[in-house]
1. Looking at Arg182, Arg168 in this structure, which one is in a helix (DSSP H, G or I), surrounded by fewer than 17 Cβ atoms within 10 Å (Cβ to Cβ) and of a type outside the set (Ser, Thr, Tyr)?
2. Only residues in segment 155-184 that are under 17 Å from Leu8 (Cα atoms) and at pLDDT below 90 count as the first member; pair them with residues that are of a type in the set (Val, Ile, Thr) and surrounded by fewer than 20 Cβ atoms within 10 Å (Cβ to Cβ), Cβ under 7 angstrom, at least 6 apart or cross-chain, and list the lot.
3. Please determine, by comparing only the residues of segment 71-84 that are modelled with pLDDT of 95 or more and in contact with a strand residue (DSSP E or B) (Cβ under 7 Å, 6 or more places away or on another chain), which one is nearest to Cys156 (Cα to Cα).
4. Quick one: which strands (runs of 3 or more DSSP E) sit completely within segment 12-123 and have at least 3 residues that are surrounded by 19 or more Cβ atoms within 10 Å (Cβ to Cβ) and in contact (Cβ under 8 Å) with a residue 60 or more places away in the chain?
5. Going through segment 282-305 one residue at a time, which ones are without any contact (Cβ under 8 Å) to a residue 40 or more places away in the chain and outside any helix (DSSP H, G or I)?
6. Can you confirm whether Leu223 is more than 20 Å from the chain's Cα centre (by Cα) and at pLDDT 70 or above?
7. Quick check, is Leu98 of a type outside the set (Lys, Arg) and farther than 29 Å from Ala193 by Cβ?
8. So Ala22 passes all but one of these: (1) in contact with a helix residue (DSSP H, G or I) (Cβ under 9 Å, 6 or more places away or on another chain); (2) at pLDDT 95 or above; (3) aliphatic (A, V, I, L, M). Which condition number does it fail?
Amino acid sequence: MRQVDLILPVYREAEGISHFDARLRRVLSELSPPYRFRLYYILDRSPDRSYEILREIALSHDDTVLIHLSSRFGHQASLMAGLDHSAGDAAIMMDTDLQHPPELIPSLLDRFEAGCDVVQAVRCYGDSISVPRRLASALFYRIQNALSPVKLDPGCADFRLISRKVVRVLQQQIREHNPFLRLLVAWTGFRTAAVPFVAAPRAHGSTQYSLRRLAGFFLDGILSFSRIPLRLAAMLGFMVAAAGLLYAAVLLYTYWRYQDFPRGYASLVSVVLVLGGVQLVILGILGEYIGHILDEVKARPLYIVDEIIVKGQTPVAGQHVQGGAAQ
């Protein structure tokens, strides 16, 4: 009997987590046997009642593990925490807001049984998703694919099945401080299949991804896989330098020809502002890359586990995870 682990990150989902759990178990009950499922709820420390609800769920079911993190480390870190504890033949990562429908799991397993190591769910937006949201998503993937050597299908979500082979690579070999799992999983190059699904509106609560967090998420993906922004900055610097040399040549010719420099305070200020702006843009790009290097060099824990709750076992408290790998 194959074991499949469900990696389920949670943050502020007290309103809907019980409904999600019940719906997920209905789907899984129809697939067992031949599968044995284990549910890993990874809870970023939340200000609502998510902990109390998930603790009760974990203590009521033999197949459920609650991994409670000591602080809010983010969605990607929560996924990595679940993967680090996974020991099944495959792992399925999905969100718990019901925008990733549990009813898609049988299709993921079918592709897995056909020999695919990665089965990627690809989001198709329904009428409930606003036009600006769709345009922003399309723009994200277009820019990401233009700048990165690793290509993503538009609508690629953190809803996927990966085989034990891929889980082992993420556990042992890919230990980045700012993991961008969509690209990391695609970068591994294992045999991949795509399964489309229609993203439903959130059943409860509101999204935790603000515009600022989405922009940071997008930036992490670019900085992790592409040096093109650095090359563009260098090209921009060369272009500005060439324009400056050309302008200097024009000034010298004017002085030689007319024995006078052209007057123009406004043009001088404009040139200074343009040059200053270009320098700041280039410094900002360099600063982002240096910041990512600093994160890696500091080697702080990707996440820290406060406690692990399993039915019939004494909670494991204070488990420290260095760089994302369990110690």
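1. Arg168
2. none
3. Top of the filtered list is Leu79.
4. Strands (runs of 3 or more DSSP E) meeting the threshold: 64-69, 90-93.
5. Scanning segment 282-305 gives a single hit, Pro301.
6. No; evaluated as a whole, the condition is false for this residue.
7. Considered against the rule, which asks whether it is of a type outside the set (Lys, Arg) and farther than 29 Å from Ala193 by Cβ, Leu98 comes out as no.
8. Every listed condition holds for Ala22 apart from (1).
The values are calculated or read from the model by the stated rules, or taken from the named source; none is laboratory data. None of these values were measured; they are calculated from a predicted model. Note: ideal-geometry Cβ built from the backbone for every residue, glycine included; neighbour counts use all protein chains shown.
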